[in-house]
Each structure stands twice: as C-alpha cells, then as structure tokens.
1. Does residue 128 meet the test of being within 16 Å of ligand 2 (Cβ to nearest atom) and either farther than 18 Å from residue 292 by Cβ or of a type in the set (Gly, Ala, Ser) (or both)?
2. Does residue 254 qualify as being farther than 21 Å from residue 330 by Cβ, surrounded by 20 or more Cβ atoms within 10 Å (Cβ to Cβ) and touching a residue at least 40 places away in the same chain (Cβ under 8 Å)?
3. Which of the following residues is over 17 Å from the mean Cα position of the chain (by Cα), more than 18 Å from residue 44 (Cα to Cα), modelled with pLDDT of 95 or more and not aliphatic (A, V, I, L, M): 109, 90?
4. Can you name the condition, by its number, that residue 166 falls short on among (1) of a type in the set (Asp, Glu); (2) buried (at least 20 other Cβ atoms within 10 Å of the Cβ); (3) part of a loop (DSSP other than H, G, I, E, B)?
5. Hey, can you tell me all the residues within the range 135-150 that are within 12 Å of ligand 1 (Cβ to nearest atom) and either in a loop (DSSP other than H, G, I, E, B) or among the charged types (D, E, K, R) (or both)?
6. What number of residues within the range 164-190 are away from ligand 1 (no atom under 11 Å from the Cβ) and either farther than 15 Å from residue 295 by Cα or over 13 Å from the mean Cα position of the chain (by Cα) (or both)?
7. Taking into account only those residues within the range 151-161 that are at pLDDT 95 or above and surrounded by fewer than 23 Cβ atoms within 10 Å (Cβ to Cβ), which is nearest to ligand 1 (Cβ to nearest atom)?
8. So in the range 107-134, with the set limited to residues that are touching a helix residue (DSSP H, G or I) at 6+ places or on another chain (Cβ under 7 Å), closer than 22 Å to residue 92 by Cα and in contact (Cβ under 8 Å) with a residue 60 or more places away in the chain, which one is farthest from ligand 1 (Cβ to nearest atom)?
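The values are calculated or read from the model by the stated rules, or taken from the named source; none is laboratory data. Keep in mind that what you see is a predicted model, and the values were worked out from it rather than measured. Cβ: placed from backbone, ideal geometry, glycine included. Neighbour counts: every protein chain shown.
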Amino acid sequence: MSTKVDEAHTDLLTASSEGIVTAGALLRAGKLVAFPTETVYGLGADATNGNAVAAIYAAKERPSFNPLIAHYPDTESAMRHGRFNEAAAKLAHAFWPGPLTLVVPKADKCPISELASAGLDSVALRVPQHPIARAVLQEAGIPVAAPSANRSGRVSPTTASHVMGDLDGRIAAILDGGDTHVGVESTIVACILERPILLRPGGITREALKDVLGFDVEAEEFDNHPGDSAPIAPGQLSSHYAPNAKVRLNASSVLPDEAALSFGAPLPGADIARAHFNLSAGGNLEEAAAQLFSALRQLDITGVDCIAVAPIPLSGLGEAINDRLFRAAAPRP
Ligand code: TXA
Ligand code: MG
C-alpha cells in the first residue's frame, strides 16, 4: 500500500472545549484525529466518508481493508444504524457506554461507507464511555470509524505520546486525554445469528456477558495457538500487537539478557533482568490490563531481544490479556 500521506504536521490538542470543537470540525472535514477512549486511543475519521476512511488505512499502513468499528456518542444513535435482535439490545443497554463492540446486520439506511464495513452486510458499533471520546463524537455529529491509533502490527496506544510516536506527520491531530484506563480493546460480540458469538475478548469479561444474557457466549474458533493464522474476526491477524522483541510466554524465570514482565510476585531473575515491569504486584487483572501495552512498549524500547512474560490467569480480564500476549508472541509475517 502507498505510504503517501497529506499531513506534514500533527497538532497535539488539549482536551479543552476548544480542543474538542477543533477535533469535531477536523473530523467533519474528512481529516484524521486520534482521540482517547477508555480502552486505547482510536484513530478517527468520518465513517460515512470513504475517502476519510481510506486515509486511515494509509496512515496506519494497514495491509488490507479490515472492517472498522463505528463510534457513537450514545446508544440511541448507534442503534439507528444496525438491526438489533434481543441479545444485541440486551447487551447494548447493559454495557453502553462502555468497552463493548456489537457486530449486527446493517440497518436499511445505514450511512456507514462500504469501505468502513469492508463491503460486509454487518457493521461493528460501539459507544465508548470515555468523557472526551463522548464529547468529540457529540461535537462531530457523525459516526466515527476508529481502529487503534498505532501503525499496523504495532502495540496499541494507551497514551497520546504513543500515538505521536507512531503517527506524527501522518494525521491532522491528536486529542490528549492522558492514560486510558481499561488498556485492552473492546470486547467484540457478533449478534447476527440467534446465538451471539464472541469475536474478540476485551474490556467486558465473558462472565459479565453471561450475567446479562443468562448463558455463555461461545467464541468462534477462538484459540490461542501462536502460529495459527485462522482469523477470529476478519482482519484479526494472529501476529498483532507486536513489539520488536520476541515475547516468551508463561516464563517461570528470566534468562540472561531478557527483559521481564511480571504479574504478582516478580519473576525469579527479574532483579538482574535487562529491564523489568510488573503489570500488577498485587495480582490485580484490571490494573494489569491497563498497564499491558504501555509495559510492552517500555520494555521494547530498551532494545532487548526477548521479553519473558509471567503466566497470567485466564479468568476475567485475563482472557483479553492472554489473547493480546499470544498475538504479541506469534511468529511475524
Ligand atoms: O477498543 C476498541 O475497540 C478500539 C477503540 C479505538 O475503540 N478499536 C479497535 O479497533 O480495536 P480495531 O480496528 O483495532 O479492531 C476492530 C475489529 C477488527 O478485528 C475487525 O475485524 C472487527 O473489529 N470487525 C469490524 N467490523 C466487523 C464486522 N462487520 N464483522 C466482524 N468483525 C468486524
Ligand atoms: Mg488494533
């Protein structure tokens, strides 16, 4: 794909009312604006404008046109663009605004561009909870397509400076909202057939989905085998969220020259590791999720060849954390 981009300079906007107004106007004008959500920073563009959406792929250097999530300021406006069956409506009312994306059949007059939905009959809709995200979406007055605001294949950004590092000079502006607090992307559930299907584990746990629906949401061919390239949602490549360093999972100790990523008690050998980051000394999965991408970036920046990662439980947000770590460890294309 062409790497030509038309922005020579990227503005860093503060999240003041002036910054929000500027961001909304840029989005309406078809420009690219990165903004914080509770999960990760999104790279936003007018979802109804095919040219604006195409610019997202160019700025990210995405190898293919994966379908994107359209973001809305409130549940009512999101529900107008899709057809919601009973399960979808229950999930929307329970978890929006919040870190859940629903894939539903397109509504009849859905204005989302074909490029944003990659020509599918379905759309991915999300109402983020972050107050700055909601303010920008309200101000823009259009659905905003937004993948994570990183270059394709890199670790997702959880601060404005991560976004600047990846996309400076390629997008019009970044709205600075500090650190994101969930830290892993939204959970994606497809409500197309009668039974909902988990397409991506994320900020809403499987247990929480079950509490609302009254039954378990099955994952579609969801497995964690590194090297298995079967997509779990169109565009979910198994090597994703990749730091430059290799990632060694379920380490029981740190080997010479490795960096260490601990959870709970420090990994044996962490004290003499090239670099060390503890996701949560107290073994708290919410804290670990919020720190994950930032930790991978910080360890990677030291230039180590390999990052040893402690085992992390699979319960609650641990499912999403393990999913992202397996992808970070997968062989690179
Ligand atoms: O937390 C998040 O969801 C973040 C923030 C910015 O909102 N966004 C994000 O977007 O993670 P992205 O583009 O990195 O991931 C979107 C995922 C892709 O894996 C894509 O395949 C899936 O959503 N997706 C989108 N539309 C779909 C559809 N119609 N059917 C199935 N999967 C779809
Ligand atoms: Mg992403």
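1. So residue 128 fits the description; yes.
2. Numbers: farther than 21 Å from residue 330 by Cβ: yes; surrounded by 20 or more Cβ atoms within 10 Å (Cβ to Cβ): yes; touching a residue at least 40 places away in the same chain (Cβ under 8 Å): yes.
Yes: the conditions hold for residue 254.
3. Details: 109 fails: modelled with pLDDT of 95 or more.
Residue meeting the stated conditions: 90.
4. The one condition residue 166 does not meet is (3).
5. Scanning the range 135-150 gives 146, 147, 149, 150.
6. Narrowing the range 164-190 to residues away from ligand 1 (no atom under 11 Å from the Cβ): 164-179, 181.
When the remaining residues are screened for being either farther than 15 Å from residue 295 by Cα or over 13 Å from the mean Cα position of the chain (by Cα) (or both), the result is 164-179.
Residues meeting the conditions: 16.
7. Applying the first criterion (at pLDDT 95 or above) to the range 151-161 yields 157-161.
Remaining after also requiring surrounded by fewer than 23 Cβ atoms within 10 Å (Cβ to Cβ): 159, 161.
Numbers: 159: 14, 161: 17 Å.
So, considering only residues that are at pLDDT 95 or above and surrounded by fewer than 23 Cβ atoms within 10 Å (Cβ to Cβ), the one nearest to ligand 1 (Cβ to nearest atom) is 159.
8. Taking the candidates together, the pick is 116.
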